[in-house]
């Protein structure tokens, strides 16, 4: 496959804030690539750098083998995190309006059906629910049938049924050859849609790979979590000789007992031992590692690392200028505050 979206050592600052720090990635033709990370991690800034609406301080970006600012915009679809189309147009009129901006476009009525809004087609945008508005916005980003589609948190505010409609649409687009880059806080969304996932934390791409590979490398083992009653002395139970004899790694963590590397068949014997120890508990749960486990592990680890670096006086590189002008000469503000 050929990479159609590339970033090499992208660095971007907003005053004293480092939004991106040496970010490199490549997204192949027809691939779905999901960016995940905490609020303020740099996801929106990276999307803007890749689409040419933000100019990095250093590093390079290429889109369809060109500079992002030089790409034929009809080949590109972008849904920003914040998007406010004309409120006094109906859902169908909005899609017709955006379709009319291109020499060639998809049929607006078909797009309206794709996003599950046929029955709301005659409703003014301002009278749509929040989730319906977001689905109209998704439709407006793909009405030109783009080769590369950027979606910044596409399903925010959409109900579960509508979310699955959008997911199926993205899957169909990818199956048809569209390259998709999306940001999301929904780990189920990333795990279902993405061929590969990249985790951003504090402006750095700290991990990248298929969801399965990331879970295998960073997710750890399956865990049994027991939430005892308030009267239980956790440390005493965790260190008891009886539990040690079970040969499971167990520790007291955040008011719970956590057993590592436990199979479903092991749950019964553990519970029997806990009851023999006189442990009273309010809940017990078993879970295999998933992408959310990876997210929490890596994001928390990076936050701890940043704190450790600051505690010994090591700070990320900072820009000398307090603002940076974009390609139109307009000074940029940090867009990550609400991310």
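The values are calculated or read from the model by the stated rules, or taken from the named source; none is laboratory data. Quick caveat: nothing in here was measured; it's all calculated off a predicted structure. Virtual Cβ from ideal backbone geometry, glycine too; neighbours counted across all protein chains shown.
Only a single criterion out of (1) crowded, with 18+ Cβ neighbours inside 10 Å; (2) closer than 30 Å to residue 42 by Cβ; (3) in contact with a helix residue (DSSP H, G or I) (Cβ under 6 Å, 6 or more places away or on another chain) is not satisfied by residue 114, namely (2). Answer yes or no as to whether residue 274 is at pLDDT below 85, in a helix (DSSP H, G or I) and not assigned by TED's automatic domain parsing to the domain that holds residue 17. Criteria met by residue 274. Considering only region 90-108, I want to know if a residue exists there that is within 28 Å of residue 185 (Cα to Cα), at pLDDT below 95, surrounded by fewer than 17 Cβ atoms within 10 Å (Cβ to Cβ) and in the same structural domain as residue 158 (by TED's automatic domain parsing). No, region 90-108 contains no residue that is within 28 Å of residue 185 (Cα to Cα), at pLDDT below 95, surrounded by fewer than 17 Cβ atoms within 10 Å (Cβ to Cβ) and in the same structural domain as residue 158 (by TED's automatic domain parsing). A single entry from 131, 177 fulfils the requirement of being over 25 Å from residue 92 (Cβ atoms) and more than 18 Å from the chain's Cα centre (by Cα): 177. Looking at region 185-208 only, could you name the residues that are closer than 14 Å to residue 155 by Cβ, modelled with pLDDT under 95 and either not assigned by TED's automatic domain parsing to the domain that holds residue 23 or not in a helix (DSSP H, G or I) (or both)? If the condition is that a residue be closer than 14 Å to residue 155 by Cβ, modelled with pLDDT under 95 and either not assigned by TED's automatic domain parsing to the domain that holds residue 23 or not in a helix (DSSP H, G or I) (or both), then 185, 186 are the ones that fit.
The set of residues in region 19-60 being crowded, with 22+ Cβ neighbours inside 10 Å and in contact with a helix residue (DSSP H, G or I) (Cβ under 7 Å, 6 or more places away or on another chain) consists of 19, 20, 23, 32, 34, 35, 36, 37, 50, 51, 54, 56.
Would you be able to say whether some residue in region 228-246 is at pLDDT 80 or above, in contact with a strand residue (DSSP E or B) (Cβ under 6 Å, 6 or more places away or on another chain) and outside any helix (DSSP H, G or I)? Yes.
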